[in-house]
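First the structure, in the form of structure tokens, and then the observations on it.
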Amino acid sequence: MPVEPDLWDGGLILLGVTLQPGAGGMMVGRSWSYGSSRHQARGAGRNVPSETMLLERDNAASYLYRLARRDPHSPPGPVTLAIDLLERSDAVLEVDPSEVWGHGELVPDGVRWQIHVSNALDPERFDFTVAHELAEWYLKRIGIRPTDPVAKERCCDGIAAALIAPREAFQDSVREHGDDFADLAYDFRVTQTCAALRFGEVSNEPLAVVGPTVRVRGRAWRWGTDADVRRLAAAARPGLRKTQLTDQRRVVLMA
């Protein structure tokens, strides 16, 4: 576990958040003030986190849930979680899409940090962007400065997934839905790709998500190279289950 930092020193700002009335007491277009090791496997597109890194991302999420005084069995969503984490800081939550570059970004503002998030994103991408930038802020607050930008983005993606779908809540959902990725995605308002990857991380069952890149999760299995995995996705093979995701043109293979 990381040494607990003073997360309130300096504070944080979230920009670009648009919520409907009743969602945490917030209204559209308003501003509110609140109180003061990755393992790279063969294949250029392969993203295979080690068991240590999976534990670290879940530990980071659990740590932030404790700081926010939230139950990981009932995740509130990344925006509410961010607000809870900012209760003791001098933070402002406001809509300002003109400040946004791309989906989102983390930028310094004097002694504070700002998270800029576009309010033009779909709900799944919006939530994930908030969680990703919150993860990046967390890394900065505990003094981690990854030198590899790709590794940093993947690390933040991993923490973001664990924030949106914490292990405890995801295990509860798996007990209800099994490996129905559409239902799992619905429960946590994420894409089916995110749900499938999280399923492999939490259940440790070997699976591969095949799309523009090949990403594998779960315990070690004889996947081979990216080209090997794509061949397995293209042709049926005894012992492998193949699922076509319905929200994106991707295939999940489960061993």
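Considering every residue within region 218-230, establish whether at least one is over 29 Å from residue 66 (Cβ atoms), surrounded by 14 or more Cβ atoms within 10 Å (Cβ to Cβ) and among the aromatic types (Phe, Trp, Tyr).
Yes, some residue in region 218-230 is over 29 Å from residue 66 (Cβ atoms), surrounded by 14 or more Cβ atoms within 10 Å (Cβ to Cβ) and among the aromatic types (Phe, Trp, Tyr).
Only one residue in 169, 208 is in contact with a His (Cβ under 7 Å, 6 or more places away or on another chain) and crowded, with 18+ Cβ neighbours inside 10 Å. Which one?
169 is the lone residue from the list that is in contact with a His (Cβ under 7 Å, 6 or more places away or on another chain) and crowded, with 18+ Cβ neighbours inside 10 Å.
Among the helices (runs of 4 or more DSSP H) lying completely within region 153-255, list those that include at least 1 residues that are within 21 Å of the chain's Cα centre (by Cα) and at pLDDT 95 or above.
In region 153-255, 167-177, 181-188, 192-203 are the helices (runs of 4 or more DSSP H) which contain 1 or more residues that are within 21 Å of the chain's Cα centre (by Cα) and at pLDDT 95 or above.
Return yes when residue 135 is touching a Lys or Arg at 6+ places or on another chain (Cβ under 6 Å), modelled with pLDDT of 85 or more and within 14 Å of residue 78 (Cα to Cα) and no when it is not.
Answer is no for this residue.
Right, residue 151: on the phi < 0 side of the Ramachandran plot and touching a helix residue (DSSP H, G or I) at 6+ places or on another chain (Cβ under 8 Å) or not?
So residue 151 does not fit the description; no.
The values are calculated or read from the model by the stated rules, or taken from the named source; none is laboratory data. In this text the structure is predicted, and so the values were computed from the model without any measurement. Note that we place each Cβ from the backbone using ideal geometry, even for glycine, and neighbour counts take in every protein chain shown.
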